[in-house]
Amino acid sequence: MDLQIVGEMLRTRHRATVDMSSDFLEVEMKASIPSALLRIEFMVHRETGLVPGTWKIYERQPGGREWPERTKYYETDPDFLNVMKEVQDDIKSVSHFSKAVVISVTTTDPTVQFEIAGAGPSKSIGAGPNKSIGEGAEIKYLTGTIHETLAFPETYQFLLGIFKIAGAMSAEILAQIAAQYLYDAVKEKRDLKLKIGDSEVPVDKEKIEEAIRRYVV
């Protein structure tokens, strides 16, 4: 698997801190479970994915800044294991991408989630379903902000991934198809702001395609 893609997904979806070597990711993330706020450190291997048993678990002390290690206490806890299963499932869901880019959309229209990735118009945070784009690309809903105020702009993040394919021409065609798909999904949203990778992009099909090509071709 491409560790850079996995790392980008973990940073975006889980707000993790990621250090990458040639074969491993060293990951640190925070997770709330019903009984505690945890800081979790674990490793991801290029070939095998999440490496069980490499994690260290720290618990935030109430009213303090200390994070004592509590690995032995929590490593068999069902809530902790559910968190790690979600992480493992997310890693697997992007492991088939050869190239990918994060797309951020800010708008007051919550239906954009459904129109881009079938994530539905709710404001819940969580991994949504994927949508296939052509025969070699997929867009995955990662996460979204939550505000209680109506008509407040929300930011939704997606991962556009290209499967392992042969030839640069195939990737170029997929970039064109993905750009058309994304443009059609957002062109009617008057208040929308679009970001592809690190760059803000106008809602223009050619500009969207140019931005996508920088990451996937």
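No value in this document is a laboratory result; all are computed from the given coordinates. All of these numbers come straight from a predicted model, not from anything done at the bench. Because the Cβ atoms are built from the backbone with ideal geometry, glycine has one as well, and the counts that use them run over all protein chains shown.
Below is a table of values for the structure above.
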read-out	value
Computed [θ] at 222 nm, helices only, for the chain once each DSSP H run of length n ≥ 4 contributes -39500 (n - 2.57)	-10000 deg cm²/dmol
Rounded Å value of the spacing that divides the Cα centres of segment 202-217 and segment 54-82	42 Å
Candidates R60, R11, R39: whichever shows maximal mean-square fluctuation once the chain is modelled as a Gaussian network with Cα springs under 10 Å	R60
Highest-first arrangement of 44-56, 152-164, 24-36, where packing means the average Cβ count within 10 Å	152-164, 24-36, 44-56
Crossing angle, helix 205-216 versus the chain [Cα axis fit, 0-90 degrees, rounded to tens]	40 degrees
Cβ charges +1 (Lys, Arg) and -1 (Asp, Glu), total dipole of segment 3-94, debye	240 debye
Highest average packing first - 85-94, 207-216, Cβ atoms within 10 Å	207-216, 85-94
Counted charge near A137, where neighbours are those whose Cβ lies closer than 11 Å (Asp, Glu -1; Lys, Arg +1)	+1
Listed residues Y156, H96, A36: farthest to the positive end of the dipole of the chain (Cβ charges)	A36
Three semi-axes of the equivalent ellipsoid, segment 3-94, Cα gyration tensor, whole Å, largest first	23, 13, 12
Ordering of 137-144, 190-197 by packing [mean C-beta count within 10 Å, highest first]	137-144, 190-197
